[in-house]
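Student: Questions regarding the structure given below will be posed in turn.
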Amino acid sequence: MTSRVIGPIDPPPRLLMGPGPINADPRVLRAMSAQLVGQYDPWMTATMNETMALYRDVFRTANEQTFLVDGTSRAGIEAALVSLLEPGDRVLVPVFGRFGHLLTEIAERCRAEVHTIEVPWGEVFEPQQVEDAVRRVQPKVLAVVQGDTSTTMCQPLADLGEICRRHDVLLYCDATASLGGNAFEADAWGLDVVTAGLQKCLGGPSGSAPITISDRAAAVIDGRKHVEAGIRADDETDAPGERIASNYLDLAQVMDYWGPRRLNHHTEATTMLYGARECARLLVEEGLDAAVERHALHGLAMLEGVRGLGLGVFGDVAHKMHNVVAVEIPDGMDGDAARATLLADFGIEIGTSFGPLHGKVWRIGTMGYNARTDAVLTTLAALEQVLRTTGGVAAAQEVYAS
Ligand SMILES: *Cc1c(COP(=O)(O)O)cnc(C)c1O
């Protein structure tokens, strides 16, 4: 009835300085406005191959199986875990924030036998703690988050890869929040499956989950391959492993879809592919090391900036991700009201927080397209005004309020 008055999409101007999503790079938005092409058009399959090659560079891997899962980062996590874990398999999850709990929950839904170890929020694990647990649990998969935005911590991974190789454990990593803004080496660190998303340091919208899969993990997944009846070749039989409990997120099928056989599965989310390809092109063009340095610089500027405002910073700063900082809300201040003022009066969004940190810290991101000097200084200037109750801005705000 009211549909006559619903206008075209016209979002308000916002500077998104939370823990994600952030403003997309305009180049990504332009790429996403390109026309669709049929999914088996030679141009399209070539573009898919280019996207695979670009993400091999982004993940720093030679893995043949490097492609996109269509869906948000969580789809990548679910695809990895549901495809690796058979019911009853043991999985170990080191939990140091909210996303460790997510991995735990998803692994439980795969009906795996889930074991967790925990450190307090604001800390990361020592390799020895993980190795002791690996020895005790003897899991098939170790599932760990690299950067957990809920606490801002970045778990060092290099030693974990070595531990997993030594104990013949597959290592899965959720690098959604950290990839592109912090050092990352899929092959050199011995990671078997890594998933990510676009809406953090990659400077795109959410909706596509880049993934890379080592040969040994791909063999485990292929060992569970059950071919869909309608596309089964005459000479094909099912693999001996239990069938993967999802069709959409069945990586055995998705690998065949991106691979040379191009077996039909889902309809590729073409517009997201254009966006994901441009995100990777931006990173590769800048240079991965340069992108990490840029995030380190602007993250440090934001860290010192909030300290300069007299605010405390949560957690073990030596292990903080470059791209997000948890800022202690001053005593007596209503953190949500301050965030609302930042949004309404300055068009700037910063993040709230979850669980034990709720009401205690704001999370401020400097990532992707917004890891820039003007974005950092504008955010700090606005925050400074929100913390003050006198001066020119406060006087103007009183005019608007009256
Ligand atoms: C932000 C984030 C996600 C996001 O998942 P979506 O499905 O894209 O919302 C996943 N994992 C981590 C570690 C994150 O920081």
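The values are calculated or read from the model by the stated rules, or taken from the named source; none is laboratory data. Quick caveat, the model's predicted, so the values are computed rather than measured. Positions of Cβ are generated from backbone atoms using ideal geometry, with glycine treated the same way; all protein chains shown enter the neighbour counts. All accessible areas refer to the heavy atoms of the entire protein, side chains included, with ligands and DNA or RNA removed. Shrake-Rupley method; radii C 1.70, N 1.55, O 1.52, S 1.80 Å.
Student: Does the stretch 82-97 contain at least one residue that is more than 20 Å from Ile163 (Cα to Cα), assigned by TED's automatic domain parsing to the domain that holds Glu268 and of a type in the set (A, V, I, L, M)? Don't jump to the end; show me each part of the working.
Tutor: So in the stretch 82-97, the residues more than 20 Å from Ile163 (Cα to Cα) come out as 82-83, 86-88, 97.
From what is left, the residues that are assigned by TED's automatic domain parsing to the domain that holds Glu268 are 82-83, 86-88, 97.
If we keep only those that are of a type in the set (A, V, I, L, M) as well, we get 82.
Yes, the conditions are met somewhere in the stretch 82-97.
Student: If Val119 satisfies every condition in (1) under 18 Å from Cys201 (Cα atoms); (2) of a type in the set (A, V, I, L, M); (3) open to solvent by less than 20 Å² (accessible area, probe 1.4 Å) but one, which is the exception?
Tutor: All conditions pass for Val119, except number (1).
Student: A follow-up question, please. Assess whether Gly203 counts as being touching a Gly at 6+ places or on another chain (Cβ under 6 Å), assigned by TED's automatic domain parsing to the domain that holds Val145 and under 22 Å from Arg294 (Cα atoms).
Tutor: Against the criterion (touching a Gly at 6+ places or on another chain (Cβ under 6 Å), assigned by TED's automatic domain parsing to the domain that holds Val145 and under 22 Å from Arg294 (Cα atoms)), Gly203 qualifies.
Student: Starting from residues that are more than 16 Å from the ligand (Cβ to nearest atom) and not charged (D, E, K, R), keep the ones in the stretch 11-25 and report whichever is surrounded by the most Cβ atoms within 10 Å (Cβ to Cβ).
Tutor: Applying the first criterion (more than 16 Å from the ligand (Cβ to nearest atom)) to the stretch 11-25 yields 11-15, 25.
Still in the running and not charged (D, E, K, R): 11-13, 15.
On the way: Pro11: 5, Pro12: 6, Pro13: 6, Leu15: 19.
Only one residue tops the list, namely Leu15.
Student: Against the condition out of contact with any helix residue (DSSP H, G or I) (no Cβ under 9 Å at 6 or more places or on another chain), part of a loop (DSSP other than H, G, I, E, B) and within 16 Å of the ligand (Cβ to nearest atom), how does Pro8 come out, does it pass? Give the derivation first.
Tutor: Details: out of contact with any helix residue (DSSP H, G or I) (no Cβ under 9 Å at 6 or more places or on another chain): yes; part of a loop (DSSP other than H, G, I, E, B): yes; within 16 Å of the ligand (Cβ to nearest atom): no.
It is false that Pro8 is out of contact with any helix residue (DSSP H, G or I) (no Cβ under 9 Å at 6 or more places or on another chain), part of a loop (DSSP other than H, G, I, E, B) and within 16 Å of the ligand (Cβ to nearest atom).
Student: Tell me, please, whether a residue that is farther than 29 Å from Asn323 by Cα, aliphatic (A, V, I, L, M) and touching a helix residue (DSSP H, G or I) at 6+ places or on another chain (Cβ under 6 Å) can be found in the stretch 254-264. Spell out the reasoning first.
Tutor: Applying the first criterion (farther than 29 Å from Asn323 by Cα) to the stretch 254-264 yields 254-264.
From what's left, aliphatic (A, V, I, L, M): 254-255, 263.
Applying the additional criterion that residues be touching a helix residue (DSSP H, G or I) at 6+ places or on another chain (Cβ under 6 Å) yields 263.
The answer is yes; a qualifying residue exists.
Student: Identify, from the list Pro156, Pro127, the residue that is open to solvent by 10 Å² or more (accessible area, probe 1.4 Å), within 16 Å of the ligand (Cβ to nearest atom), in contact with a helix residue (DSSP H, G or I) (Cβ under 8 Å, 6 or more places away or on another chain) and not aliphatic (A, V, I, L, M).
Tutor: Exactly one of Pro156, Pro127 is open to solvent by 10 Å² or more (accessible area, probe 1.4 Å), within 16 Å of the ligand (Cβ to nearest atom), in contact with a helix residue (DSSP H, G or I) (Cβ under 8 Å, 6 or more places away or on another chain) and not aliphatic (A, V, I, L, M), namely Pro156.
Student: Would you mind stating whether Arg135 is at pLDDT 95 or above, open to solvent by 10 Å² or more (accessible area, probe 1.4 Å), within 17 Å of Val82 (Cβ to Cβ) and away from the ligand (no atom under 13 Å from the Cβ)?
Tutor: Details: at pLDDT 95 or above: yes; open to solvent by 10 Å² or more (accessible area, probe 1.4 Å): yes; within 17 Å of Val82 (Cβ to Cβ): no; away from the ligand (no atom under 13 Å from the Cβ): yes.
Judged against the criteria, Arg135 is not a match.
Student: Which pairs have Cβ atoms under 7 Å, sit 6 or more apart or on different chains, and link a residue in the stretch 227-247 that is assigned by TED's automatic domain parsing to the domain that holds Leu84 to one that is among the hydroxyl-bearing types (Ser, Thr, Tyr)?
Tutor: Ile244/Ser83
Student: A follow-up question, please. Among Leu311, Leu303, which is open to solvent by less than 20 Å² (accessible area, probe 1.4 Å) and in a helix (DSSP H, G or I)?
Tutor: Leu303
Student: Within the stretch 185-201, track down each residue that is under 18 Å from Leu68 (Cβ atoms) and open to solvent by 10 Å² or more (accessible area, probe 1.4 Å).
Tutor: Within the stretch 185-201, Gln199, Lys200 meet the criteria.
Student: How about the stretch 314-402: which helices (runs of 4 or more DSSP H) wholly inside it have at least 3 residues that are out of contact with any Leu (no Cβ under 7 Å at 6 or more places or on another chain), open to solvent by 30 Å² or more (accessible area, probe 1.4 Å) and hydrophobic (A, V, I, L, M, F, W, C)? Outline the logic, then answer.
Tutor: Numbers: elements: 335-346, 373-387, 392-401.
Fully inside the stretch 314-402 and qualifying: 335-346, 392-401.
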